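Peer 1: Got a structure here, written out as structure tokens. Questions coming.
The values are calculated or read from the model by the stated rules, or taken from the named source; none is laboratory data. Owing to the predicted nature of the structure, the values given are computational and were not obtained by experimental measurement. Reconstructed Cβ throughout: ideal geometry from the backbone, glycine too, with neighbour counts over all protein chains shown. For the accessible areas, the whole protein counts, side chains as well, though only heavy atoms, and no ligand, DNA or RNA atoms are used. Shrake-Rupley method; radii C 1.70, N 1.55, O 1.52, S 1.80 Å.
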Amino acid sequence: MVDLSVKIGNLSLKNPVLTASGTFGYGHEFADFIDLARLGGVIVKGTTLHHREGNPYPRMAETPSGMLNAVGLQNKGVDYFIEHIYPTLTGIDTNFIVNVSGSSVEDYVATAEKINQLEGIPAIELNISCPNVKQGGMAFGTSPKAAEEVVAAVRRAYDKTLIVKLSPNVTDITEIARAAEAAGADSVSLINTLLGMAIDAEKRRPLLSTVTGGLSGACVKPIALRMVWQVRQAVNIPIIGLGGIMSATDAIEFLLAGATAVEIGTANFIDPAITVKIVDGITDYLQGHNMKDVHELIGGLIV
Amino acid sequence: MKQIIDTFIRETKRLNDRNILLRLTAEVALPHLQAGQFVEVQVSAPNVFLRRPISVHFYCAEKNELWLLVQLVGKATHEMALLKEGDKLNLVLPLGKPFSIPTAAAQRLLLVGGGVGVAPLLYLGATLKEQGHHVAFLLGGRTKGDLLQLDEFQKYGEVYVTTEDASLGEGGFVTQHSLLQNETFDFIYTCGPTPMMQAVARYAQQKGIECEVSLENKMACGVGACLCCVTDTKEGHKCVCTVGPVFNIKDLKW
């Protein structure tokens, strides 16, 4: 038997495999394909203080080895989540983590306070990195000062595990990671999508209603790995790595680069059962390499 | 229950220069499919990353067979045209909400399709006929060669045709066919190019006839998780993959 369990702040995960927000709904969308209880955790769709309709269609464009999206945080707001969705999550033996977004510090704090009341939600992932909303979102994640301000304010209002999701659309991601750590984050997750664009040459028009959108999928993995590696040198809090993880081998690469856990996102669209295959694949790797504990892998890159 | 299944090609049939018919089966029993639902197909080809949503053209539980009518529009569909007997094709299915089946007996039903949009109407017609309803298909294309599977449609109802160049059936668009002036219907189903469906919807609204349309949007997940494929409804953005692809026109902003 190998031990896959890891800790992120006070949050214990049975294994390091989480689902990335916005790619897995609220979990039940995938319940026909996998046993959700086999996952370390499910990070649910980005939740804001108020209802958001999101951006107009078209919101998605396929790109080489990836996709662009411009969903724009469509969700029914935190009160709807608490009343209608949260009750359906209890009773499933995994960690449900809420991704919290906002367009002002007050919004983030108000949403986090409401989630703080929910006994069954052990952590939030603070999204300061959404590239698809005009106000806020990524604006908080591209300046160390703004990041520190919003994380510190949420930290005062939220007493469970606080994960801060970082944007790769910055000159130096380690500055933002340090700011989040200084402001009291328990963990940073990275990377959110990379700002990108796609054009229909025949029509001479953009493929997304918003012109630009967030790039995800296999094509972003080398950038994500590099950033995890850089942030590992810069902070002491645990890192959750994500960006283009399509297989167990990809996940192991992130662990080696210094991530304590990983999130699986776009890969869920191609294989709805991929998350469980990645859990099994990590187990097989550890056994095949005579390791007993996933911590032997974490940060184990030989340079 | 949704499943991920490896299917195998029984036959790849070229219907014209732009459309193919795939007949698929599997070693396991295919899950029961309802008319209007779709599958997400995984295609291995350079620069194809996501699955492709394709509607159920026909399904037969007895033969454990699924038909997909595929228009060759891009890299993935052209790759599908190269599949040979015995080749594997991985599907996620069944997906989406099916067409409504009338509960009243022996209804007169009109199924209007254009181009490759005729795809979901074959299995719908078969299902409706089996339930004892009277089915009329009204199928349109630019020219004679665009009309697909006419012999199959004839098995389940009367077939009326329009072509824009009058090379087959009546000349003009489906909404100009004399059938719409001469007959009345209890329910209309339509699938095809958006302007055609909107014209059919206007006809149904004028006549006070219930009407369902099957929409096609670009999808990623197919299960309501990514929120990419939304259409604007009276109740806001709804996922075409899970709330649809079939919508009652009353719910759309048409």
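Peer 1: Using a Gaussian network model of chain A with C-alpha springs under 10 Å, which one of A:Thr171, A:Thr90, A:Thr283 is most mobile by mean-square fluctuation?
Peer 2: Of A:Thr171, A:Thr90, A:Thr283, the Gaussian network model singles out A:Thr171 as fluctuating most.
Peer 1: By accessible area of protein heavy atoms, probe 1.4 Å, what ranking do A:Glu113, A:Glu53 get, highest first?
Peer 2: A:Glu113, A:Glu53
Peer 1: Would chain A count as rounded, prolate or oblate if I go by the C-alpha gyration tensor, calling it rounded below 1.5 in a/c and otherwise prolate when a/b exceeds b/c, oblate otherwise?
Peer 2: Judged from the Cα gyration tensor, chain A comes out rounded (a/c under 1.5).
Peer 1: For the protein assembly as shown, give the share of DSSP beta bridges that are antiparallel, in percent and rounded to the nearest 5; count only bridges with both residues there.
Peer 2: 50 percent
Peer 1: Equivalent-ellipsoid semi-axes (√(5λ), Cα gyration tensor) for chain B, whole Å, largest first?
Peer 2: On the way: eigenvalues 154, 86, 65 Å².
Equivalent ellipsoid of chain B: 28, 21, 18 Å, largest first.
Peer 1: Which trypsin sites (Lys or Arg not before Pro) from the range A:171-245 combine a DSSP loop assignment with at most 12 other Cβ atoms within 10 Å?
Peer 2: Passing sites in the range A:171-245 are A:Lys203, A:Arg204.
Peer 1: Quick one: if you stick a label point 7 Å off each Cα along the C-beta vector at A:Asp32 and A:Asp79, how many nm between them?
Peer 2: 3.4 nm
Peer 1: Considering amide H positions built from the backbone, and no H for Pro or chain starts, which residues 5 or more places from B:Thr233, or on another chain, come under 5 Å of its amide H?
Peer 2: B:Lys238
Peer 1: Let me ask you something else. In debye, nearest 20: dipole of the range B:3-95 around its Cα centre with unit charges on the Cβ of K, R (+) and D, E (-)?
Peer 2: That gives the range B:3-95 a dipole magnitude of about 260 debye.
Peer 1: Report the label-to-label distance for A:Glu106 and B:Ser167 in nanometres (one decimal), using points 7 Å from each Cα along the Cα→Cβ vector.
Peer 2: Reported label-point gap for A:Glu106 and B:Ser167 is 6.5 nm.
Peer 1: What is the P(r) of the range B:215-254, as percent of Cα-Cα pairs per 10 Å bin from 0?
Peer 2: Histogram of Cα-Cα distances, whole percents per bin: 36, 55, 9.
Peer 1: Per residue, what accessible area does the protein assembly as shown have, given a 1.4 Å probe and all protein chains present, in Å²? Could you put the intermediate results ahead of the total?
Peer 2: Values: 22340 Å² over 557 residues.
Result: 40 Å² of accessible area for each residue.
Peer 1: Just by accessible area at a 1.4 angstrom probe, what is the order of B:Lys2, B:Lys144 from largest to smallest?
Peer 2: B:Lys144, B:Lys2
Peer 1: List the GluC sites (Glu not before Pro) within the range B:1-108 that DSSP assigns to loop and that have no more than 15 neighbouring Cβ atoms inside 10 Å.
Peer 2: B:Glu27, B:Glu62, B:Glu85
Peer 1: Taking the Cβ of A:Ile191 as the center, what net charge do the other residues with Cβ under 15 Å away carry, scoring Lys and Arg +1 and Asp and Glu -1?
Peer 2: So the surrounding residues net to -2.
Peer 1: Now for a different question. If you filter the range B:183-254 for GluC sites (Glu not before Pro), then keep DSSP loop positions with at most 16 other Cβ within 10 Å, what is left?
Peer 2: Counting only loop positions with at most 16 other Cβ atoms within 10 Å, the GluC sites (Glu not before Pro) in the range B:183-254 are B:Glu183, B:Glu235.
Peer 1: Give a residue-ordered list of calculated ³J(HN,Hα) values for the range B:24-35 (Karplus: 6.51 cos²θ - 1.76 cosθ + 1.60, θ = phi - 60°; whole Hz; x for Gly, Pro).
Peer 2: Going residue by residue, I get 10, 9, 8, 5, 8, 5, 5, x, 4, 10, 10, 4 Hz, with x marking Gly and Pro.
Peer 1: Sort B:Tyr156, B:Tyr189, A:Tyr57 from largest to smallest accessible area, using a 1.4 Å probe on the heavy atoms of the protein chains. Could you put the intermediate results ahead of the total?
Peer 2: Values: B:Tyr156 45, B:Tyr189 0, A:Tyr57 80 Å².
If we order B:Tyr156, B:Tyr189, A:Tyr57 from most to least accessible, we get A:Tyr57, B:Tyr156, B:Tyr189.
Peer 1: Then there is this: Under a point spin-label approximation (7 Å from Cα along Cα-to-Cβ), what is the B:Gln205-B:Thr184 distance to one decimal in nm?
Peer 2: 2.2 nm
Peer 1: Give the average over all directions of the projected area of the C-alpha convex hull of the range B:99-213, one decimal, in nm².
Peer 2: 6.2 nm²
Peer 1: If each DSSP helix of 4+ residues adds -39,500 (n - 2.57) and the sum is divided by the residues in chain B, what number results at 222 nm, nearest 500 deg cm²/dmol?
Peer 2: -4000 deg cm²/dmol
Peer 1: If all Cα-Cα distances of the range B:30-179 are sorted into 5 Å bins from 0 onward, what percent lands in each bin, rounded to whole numbers?
Peer 2: 2, 9, 17, 19, 18, 16, 11, 7, 2, 0, 0
Peer 1: Say R0 is 56 Å: what FRET efficiency, to the nearest 0.05, do B:Glu235 and A:Thr171 get from their beta-carbon distance? List each step's numbers first, then the result.
Peer 2: Numbers: r = 42 Å, r/R0 = 0.76.
Approximately 0.85, to the nearest 0.05.
Peer 1: Also, I was wondering about something else. How long are the semi-axes of the equivalent ellipsoid of the protein assembly as shown, taking √(5λ) for every eigenvalue λ of the Cα gyration tensor, in whole Å from largest down?
Peer 2: So the three semi-axes of the protein assembly as shown are 46, 25, 21 Å.
Peer 1: So what's the net charge close to B:Asn248: Lys and Arg +1, Asp and Glu -1, counting the other residues with Cβ under 9 Å from its Cβ? Before the final figure, lay out the partial values.
Peer 2: Values: positive: B:Lys250; negative: B:Glu210, B:Glu212, B:Asp251.
Residues near B:Asn248 contribute -2 overall.
Peer 1: Given the options B:Ile20, B:Ile54, B:Ile209, state which has the largest fluctuation in a GNM of chain B using a 10 Å cut-off (strictly under) for Cα springs.
Peer 2: B:Ile209
Peer 1: Whole angstrom only: what separates the Cα centroid of the range B:64-100 from the Cα centroid of the range A:233-303?
Peer 2: 33 Å
Peer 1: For the range B:11-49, state which residues have at least 30 Å² less accessible area in the presence of all protein chains than in their chain by itself, taking the probe as 1.4 Å and leaving out ligands, DNA and RNA.
Peer 2: B:Asn47, B:Phe49
Peer 1: Moving to a separate point now. How high is the relative contact order of the range B:1-146, in percent, with contacts defined as C-alpha pairs under 8 Å that are six or more residues apart? If you can, show how the numbers build up before the last one.
Peer 2: Details: 304 pairs, mean separation 41.7, N = 146.
Taking the mean separation of contacting Cα pairs over the length of the range B:1-146, I get 29 percent.
Peer 1: Using only alpha carbon pairs under 8 Å that are at least six residues apart, calculate the relative contact order of chain A and give it in whole percent.
Peer 2: Relative contact order here is 20 percent.
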